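Let me begin by presenting the structure, written as structure tokens, before commenting on it.
The values are calculated or read from the model by the stated rules, or taken from the named source; none is laboratory data. What you see is a predicted model; the values in this text were computed from it and never measured. When we count neighbours, we look across all protein chains shown, and the Cβ atoms used for this are built from the backbone with ideal geometry, even at glycine. Areas reflect the complete protein model, heavy atoms only, side chains present, ligands, DNA and RNA absent. Shrake-Rupley method; radii C 1.70, N 1.55, O 1.52, S 1.80 Å.
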Amino acid sequence: MSNNVTKTGGLSKNTMIIGAVVAILVIWGISAYNGMVKVEEEATTAWAGVQSAYQRRADLIPNLVNVVKGYAAHEKETLEGVVNARAKATSINVDADDLTPEKLQQFQQAQGELSQALGRLIAVSEAYPDLKANENFMDLQKQLEGTENRINEARNTFNTAVQTYNVKIRKFPNTLLAGIFGFDKMAKFEADAAAQKAPEVQF
Amino acid sequence: MNIPFTNKKLTWMSGCLMAIPILIILGALTSAGTKQYGEISPYSIALITAIILGVIVVLGKGANKKYAGDVEAFADKQKGLSDIAAKYNKEISNLESSFKSEISTLVSGKGSQLKDIRKNYQEKYWDQKKGYESECNTFLKEWKEKHGSLHLQDYWKWSICIGFVVILCASSFSFGLATPPSPSVSPMAALMDTRSWNADNIPMPHLTDGDQYVSNPDSILSQEVVDSINVILRRLDDQFGIESAMVIVGHIDNDDPVAMVRGIYNNYGVGRNDRGLVIVVGYLDHSYFIAPGRSLEGDLTDLETNHLAQDYLIPSMKAELPDSGMLYLARGTYALMSEKDMPQMTALKSNADKDDDMQGAGVFALFLALFGGWGYYGRSVSRKMGLADMKATKLRSNPFFLYFGEDSGSGGGFGGGHIGGGYSGGHSRSSSRSWGGGGSSHSSGGYGGGSWGGGGSGGRW
């Protein structure tokens, strides 16, 4: 019987081929895994940027409330609304490792309510010329505008990072490894339904 | 004693009437000057005027030599008139001495007697003056009969007058050159048809030339201001590591400067180590945004960028002076980073206007000097040649002056004139060239890969 197997140094050709394939698979596996880790980290870093931007806004609110109180103390309902919304928003901490769509929606909703409350506060302040002319108030308004821009940019950066991550883990054959090593799809920021409504102003 | 009409009053009236057509002619010259704006320099006009005056003087010197006899005759005339004046001035001095000794003997409180004495001596003074004028007229009559019409006298009279006319005309024309005509189309209106720009189609000169930081595709800024801003932004880059991109256009796509800022950062990565600074201004949209990079936000906060815009950019843009606005914005940013005194915007003028004012002041001073110098020269010639007859010699003024009758006779001759009006600028403005580009570069272009975190401030004016 002819033997087609060539023996080289004790290893058969089949063994070598199998070994090479395994090596390629391992190298690919390592590369793919590292790639997914990298984009996941970028997404979690972007999430940290989002939280930082929202926290920056939250930190401005106490000063804003104090300034408005000095001129419009009787706008109690509006002021309390802002304070309560801030408390609720800052109480929701979402870990990047546990960023499920439900938790992200919860976070977004809380922040959206805070945005609404802030919008009402700013709208109400239009009725108080002395408050509008107050330098501290104007500075705080400018800082709030800057913070809103930062929030927008941070959300855009996060969404882009999440998109890149989701595409990476869902592409074949990465999706095989993603399932094995627990790389789950991440949720993105969606358009906030609450933001579509204009704040109601009551004088 | 009121004299309703005297030669002096008639002279004033006729002078005022003559002034009207003269003013009309000067106004026409000024208007002509505005049409020549940018082609002839006022300094050239002043130089030509000085040459013309020089020619008159040289010709006059030649005429003096040619008509030496006339010069002697004028000298004789001058001497004769001076002798007559000296004689009568001596008589007036004697009268004055007599008057003083008479009033010194008066008892105090005799006001009416003093008044009578004054009146008496006043009348004696007028008698002396009449005698002086009569003797001068007789002398002049004899002198003119003897010498007749002298060419030199006519030459110098006409030359001096022509010199003044030349200076007046030249200064009026230069005034027209210095005052550019108001454009029939405002600069804002001229930009109305410009295209709108976004981050994808905006030219970025810094990509090819590392010394160019300003993108000015609609030529809103003058080239001089672009160059000045580039120097400041270069210093900002070298000293503080802030890589800048300053964009000023007529229209921004969708009137959204924030989107343009975001696009510029994403497309080009302005800023090494995230220390970029992107400034976008939509001049016709009246919108702007100043966006420091992620790592620069701590050094250039939202409030600081807002104050820079409020203090420098917005007031200038409201006054339709984009040159001033962008230049002061750049200067203010540099001053803020280097913790120096912030620049004071005392007057909203573009650098071109400031240069115009400086040169206008120089031209004004030059024509003033020409006018004064010619006036002084004319006066000295007039005295020497006796052109003003009796007025060149001086009879003493009335020492017994009272508030009635004619006042003291004052010496005449030519007095210095003055140039009417003022100058607001005299430099021909160079036309704006196309944006950025060109120039020698010390470094190759390209940006440092920075990103934007959303910081900064924007708004509208």
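For this structure, a couple of remarks:
- Distance violations [Cα-Cα > 30 Å] among B:Lys124/B:Lys157; A:Lys88/A:Lys142; B:Lys146/B:Lys394; B:Lys90/B:Lys141: B:Lys124/B:Lys157
- Equivalent ellipsoid dimensions for region A:1-141 as semi-axes, Å, which come from the Cα gyration tensor, largest first: 65, 13, 9
- Put simply, the amide H of B:Ser457, placed in the peptide plane, has neighbours under 5 Å in B:Ile290, leaving out anything fewer than 5 places away on its chain.
- Gain on full stretching of the segment that runs from B:Thr194 to B:Leu23 - 0.36 nm per residue minus C-alpha separation: 57.2 nm
- Here's the list of aspartates and glutamates a cross-link from A:Lys188 could span, going by alpha-carbon distance under 20 Å and ignoring same-chain residues fewer than 8 apart: A:Glu40, A:Glu41, A:Glu42, A:Asp95, A:Asp97, A:Asp98, A:Glu102, A:Glu113, A:Glu148, A:Glu153.
- Estimated inter-spin distance, B:Lys90 and A:Lys188, nm [label 7 Å along Cα→Cβ]: 11.6
- Sequence-distant aspartates and glutamates (8 or more away, or on other chains) whose Cα lies within less than 19 Å of B:Lys115: B:Glu96, B:Glu102, B:Glu123, B:Asp127, B:Glu406, B:Asp407
- With a Förster radius of 60 Å applied to the beta-carbon distance between A:Met138 and B:Leu47, the computed FRET efficiency rounds to 0.60.
- Accessible surface, per residue, of chain A when the full set of protein chains is kept, probe 1.4 Å, Å²: 60
- Here is the list for region A:125-164: GluC sites (Glu not before Pro) lying in DSSP coil, each with at most 12 other C-beta atoms within 10 angstrom of its C-beta, are A:Glu126.
- Inter-probe distance in nm under a simple model that places probes 7 Å from Cα toward Cβ, at A:Leu25 and A:Ala127: 7.2
- Extended-chain gain in nm, criterion 0.36 nm per residue less alpha-carbon gap, B:Ser14 and B:Lys384: 130.4 nm
- Area hidden from solvent between B and A (accessible, protein heavy atoms only, 1.4 Å, total, Å²): 1000
- Gain upon complete extension [A:Val167, A:Asp97; 0.36 nm per residue less C-alpha separation]: 23.4 nm
- Nonlocal amide H pairs with B:Ser215, under 5 Å, H built at 1.01 Å: B:Met246, B:Val247, B:Ile248
- Loop-located GluC sites (Glu not before Pro) across region B:234-341 with a Cβ neighbour count of 10 or fewer within 10 Å are B:Glu339, with loop assigned by DSSP.
- Backbone HN-Hα couplings from phi across region B:56-72 [Karplus 6.51/-1.76/1.60, Hz, Gly and Pro as x]: 4, 5, 5, 4, x, 4, x, 5, 4, 5, 5, 9, 4, x, 5, 4, 5
- Chain-alone versus full-assembly comparison, region A:148-190, residues with accessible loss of at least 30 Å² (1.4 Å probe): A:Asn149, A:Arg150, A:Glu153
- By accessible area, using a 1.4 Å probe on protein heavy atoms only, region B:114-164 has 53% of its surface on carbon and sulfur.
- Shielding of A:81-92 by partner chains, average beta-carbon count, 10 Å: 0
- At an R0 of 60 angstrom, the distance between the Cβ atoms of B:Val55 and B:Ser444 translates into a FRET efficiency of 0.55.
- Listing of region B:289-325 residues, each with accessible area lower by at least 10 Å² in the full protein assembly than in the chain alone (probe 1.4 Å): B:Phe289, B:Arg294, B:Glu297, B:Asp302, B:Leu303, B:Asn306, B:His307
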